[in-house]
1. Quote the charge dipole size of the range 136-245 about the Cα centre in Debye, to the nearest 20; the model charges only the Cβ of Lys and Arg (+1) and of Asp and Glu (-1).
2. For the range 8-257, what is the charge dipole size about the Cα centre, in debye to the nearest 20, if Lys and Arg each add +1 at the Cβ and Asp and Glu each add -1 at the Cβ?
3. Among 128-136, 376-384, 29-37, how do they line up by average Cβ neighbours within 10 Å per residue, starting with the highest?
4. Residues of the chain: accessible area per residue at 1.4 Å, in Å²?
5. Determine the relative contact order of the range 99-201: mean sequence separation of Cα pairs under 8 Å and six or more apart, normalised by residue count, in whole percent.
6. Within the chain, what percent of beta bridges assigned by DSSP are antiparallel, to the nearest 5?
7. With a 1.4 Å probe and all protein chains left in place, how much of the accessible area of the chain comes from carbon and sulfur atoms, in whole percent?
8. For the chain, return all DSSP H helices satisfying: extent of Cα atoms along own axis at least 24 Å; mean Kyte-Doolittle hydropathy at least -1.0.
Amino acid sequence: MRVPLLDLKEQLKPLRAEMLAGITELIDSTAYILGERVEALESGVAEYCGTRHGVGVSSGTDALLAALMALDVGPGDFVLTTPYTFIATIGSILRLGARPLFADIEPLSYNISPAAMREVLNNPRWQGRIKAVMPVHLYGQCADMTAITSLARQYDIPIVEDAAQAIGAVCPLTIDGRTVWRRAGSMGRAGCFSFFPSKNLGGIGDGGMITVDDDDLAALIRVIRVHGGSSNYFHAVLGGNFRIDPIQAAALNVKLPHLPDWHKARRQNAALYCELLAECGLTADEITPPTAVYAEAAVLGGEAAADYHVYNQFVIRCRQRDELRDYLLAHDVGCAVYYPVPMHKQACVADMGLNDLRMPVAELAAAETLALPVYPELSRDMIHFVVENIYNFYRKAR
Ligand SMILES: Cc1ncc(COP(=O)(O)O)c(C=O)c1O
């Protein structure tokens, strides 16, 4: 047996004819820029996420960039974010001439720690200089948005959610003693999504979306998306070409209605992993699946909590990570490390002095995490095969 980390072919099979029909129709229409397919995707995603607006953009990276541009982030500003993420999170900040400030992560969820954020926000050095906070909902699970929202309100700083990996993920949001369950991307000033093919809602190329409630902010982002001009050749602000391609919209419109079922399948796969890994009797020293996360969600809110984790990645923590990864790859089990180097240790920020920062929880996560296949079409047999190989590795290592 061979189990790849991701197999897009199985998902494509039943949708291929409908996607091709939509794309053929688009080609014949010759309406190749924005248009009705993009508008349909924007309203579909906005409705699903629970926001008033969705603005389709060229990628998740450009979603972050355009959202920060709309909030006027620029040279001299700081943006508070997590060191444990994909490069696009901090790339969007740096490309605007602003600087990232890091708060370490939480050990179980791998998301930014509100306690660490509070320390940064309380530091007199940064008072009045932090233009935005940017939590990342990593692997498909929302950051602690109740605590983050409370901090953002206290310091009057807008939140930009990097929800690239977490479309559809829900979390409880308690404000002024009232709790509501909200989807990723609907809790900050702007939510940024990626339709990179490996995402839970993946296109047939690059694409992204910004979800926004505020009418004025949505209008500004639409202007920024087309070179900062609301009419051709008159440019009120500086923007870029951040338009989503309607071919992507045509494909994604076919996929969007299936997203809840795909989330369910990913969740069932994750549950089976947790069950089988527990049966293996591996010690916490050897391996830690995200069981704590799973149990917490079940206790919290029944049905409302169903999408608490949408498992864009199923990530285990393991002590002999690199050896286990090599063993699994050699035994036809796809797996990958997201991410081996935290952002403050990246070479591209060395000349800013960021490499000397200490973020112990993120650094340990970078040394210990391993993503296993969790895509919806995975069979039970395939999951058994993955776990069997993990078990064999530790049996040999003992
Ligand atoms: C956390 C995070 N932010 C931003 C992005 C950027 O999205 P894209 O690849 O669509 O530009 C990604 C994509 O992998 C991501 O995982």
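1. In total the dipole reaches around 160 debye.
2. Roughly 360 debye for the range 8-257.
3. Result, highest mean first: 128-136, 376-384, 29-37.
4. Ligands and nucleic acids excluded, the figure is 43 Å² per residue.
5. It comes to 22 percent, rounded to a whole number.
6. 65
7. 53
8. Qualifying helices: 259-279, 380-397.
The values are calculated or read from the model by the stated rules, or taken from the named source; none is laboratory data. Owing to the predicted nature of the structure, the values given are computational and were not obtained by experimental measurement. Note that each Cβ is placed from the backbone with ideal geometry, even for glycine, and that neighbours are counted across all protein chains shown. All accessible areas refer to the heavy atoms of the entire protein, side chains included, with ligands and DNA or RNA removed. Shrake-Rupley method; radii C 1.70, N 1.55, O 1.52, S 1.80 Å.
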